[in-house]
Amino acid sequence: MAEEGDTVEIDGGIMEGGGQILRICTALSCLLGKRIHIGSIRAGRSTPGLRPQHLSGLETVRDLCAGQLENAAIGSTDITFTPGKLKGGALTADTKTAGSVCLLLQVSLPCALYAESPSELVLKGGTNAEMAPQIDYTTMVFKPIAEHFSFKLDCDIRRRGYYPRGGGEILVRVSPIRGLSPINLTDRGTITKIYGRAFVAGVLPYKVVKDMISAAVRCIRKELRDLYVNIQGVQEPSEKAVGNGSGIIIVAETSTGCLFAGSALGKRGVTADRVGAEAADILLRNLRHGGCVDEYLQDQLIIFMALADGVSLLRTGPVTLHTQTAIHFAETLTKARFNVKKCEDSDSDSYIIECRGIGLQNKNM
């Protein structure tokens, strides 16, 4: 356990000021054996303090390492976390809401990589939720790129759950590693294919899928005329999905293996055409900046860059506030050093994030 006198004080209200600060600081606390106190949690949000998915994430990390969590309850604006020894094993985390399973994965994955034994995590909540990556983004974009750090992530979607009911479930299997390799994602290559998935679940008609796809394809064709766009339409079977939902994700892949995505979820009062066009617009926006990752992947890679052994280089578009926040707290808690500079070699709005990682080794290996 970390010593009482060595508590690292974290201001949870600065910069992005949301759940991301909780996730990155708790994961690093667990990995580095540093006791942390986080205050002003989500202070600027309309409902400040811990929401169910934040509490579930904290409890998952606590259980992975037999740590201690003080003052953790819904609405709590400050918590203290004392990490123990990282064991791994079989755990279930349930937000009991439509809170995102992908955010539960974000906080627990780095910890599971450095555990003593393999981890089997059953994560329950929303699989396709607003204000969080869709599970399809996690499996189609995050997983293949994150695996460049030399680990394997096995993610099985058992059931999908949508707002407001949740009820989705994924099974994640992670084996421990000795350490992470640095990455070099600086060569964009050329776009070679565009593919995706559009779905409806529950009582929604399949016509919604067709409308999302055709609007998305029309939108993409205006800018990328020569590429075949292959978006699969899916009617989710009732035993595989809880509640009513619709959405679309479109992925662009390049000759060097870079992946970019745009996604959108159906909402009351928004036409299927608009949902499809919104996803296409997000994708196209992320293809214009000349970086090697989209705006949603940037910040998710920071913690792994900080832990890796050596220098990682990542070419991005404009650096988001989420990414700046992740860098700030990674530097606060680890000895990793980041340097962000604008690319001089292009007319595009792209940047290189360079990180000298701490080369954290798994003491159990």
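The values are calculated or read from the model by the stated rules, or taken from the named source; none is laboratory data. Given the structure is predicted, the values throughout are model-derived calculations rather than measurements. Quick reminder, even Gly has a Cβ in these numbers, built from the backbone with ideal geometry, and neighbours come from all protein chains shown. The protein model used for the area step is the full one, side chains on, heavy atoms only, and it has no ligands, DNA or RNA in it. Shrake-Rupley method; radii C 1.70, N 1.55, O 1.52, S 1.80 Å.
Quick notes on this structure:
- When 305, 140, 15, 365 are compared by accessible surface with a 1.4 Å probe, the order from highest to lowest is 365, 15, 140, 305.
- Modelled FRET efficiency - R0 51 Å, residue 43 with residue 285, Cβ distances, 0.05 increments: 0.95
- Solvent exposure ordering (accessible area, 1.4 Å, most first) of 37, 328: 328, 37
- Each Lys or Arg adds one and each Asp or Glu subtracts one; over the other residues with Cβ under 12 Å from the Cβ of residue 51, this totals +3.
- Among 114, 163, 351, 206, the sequence by solvent-accessible area, most first, with a 1.4 Å probe is 163, 206, 351, 114.
- By the rule of a C-alpha distance below 29 Å, with chain neighbours fewer than 8 residues away ignored, the lysines paired with residue 96 are 85, 87, 124, 143, 152, 240, 267.
- A simple spin-label model places pseudo-atoms 7 Å from Cα toward Cβ; at residue 158 and residue 181 they are separated by 3.3 nm.
- Spacing of the two label points (7 Å from each Cα toward its C-beta) at residue 267 and residue 238, in nm: 2.9
- Label-point separation, residue 85 to residue 150 (7 Å along Cα→Cβ), nm: 2.6
- Per residue, in Å², the accessible surface of the chain once ligands and nucleic acids are set aside, probe 1.4 Å: 41
- Local electrostatic count at residue 258 - Lys and Arg +1, Asp and Glu -1, tallied over other residues with Cβ under 11 Å: -1
- Among the trypsin sites (Lys or Arg not before Pro) in segment 73-179, those placed in a DSSP loop whose Cβ has at most 16 other Cβ atoms within 10 Å are 85, 87, 96, 152, 165, 178.
- Shape call, the chain: gyration tensor on alpha carbons, a/c limit 1.5: oblate
- Taking GluC sites (Glu not before Pro) as exposed when DSSP calls them loop and at most 14 other C-beta atoms lie within 10 angstrom, the chain has its longest site-free stretch at 131-343.
- Every helix of 4 or more DSSP H residues in the chain counts as -39500 (n - 2.57), and over all residues that averages to -8500 deg cm²/dmol at 222 nm.
- If R0 equals 41 Å, the separation of the Cβ atoms of residue 337 and residue 96 corresponds to a calculated FRET efficiency of about 0.55.
- Surface composition of segment 222-262: carbon and sulfur make up 44 percent of the accessible area, probe 1.4 Å.
- Estimated FRET transfer efficiency when R0 is 30 angstrom, pair residue 11-residue 131 (beta carbons, to 0.05): 0.85
- Where trypsin sites (Lys or Arg not before Pro) fall in DSSP loop in segment 266-365, at most 15 other Cβ within 10 Å: 267, 268, 335, 363
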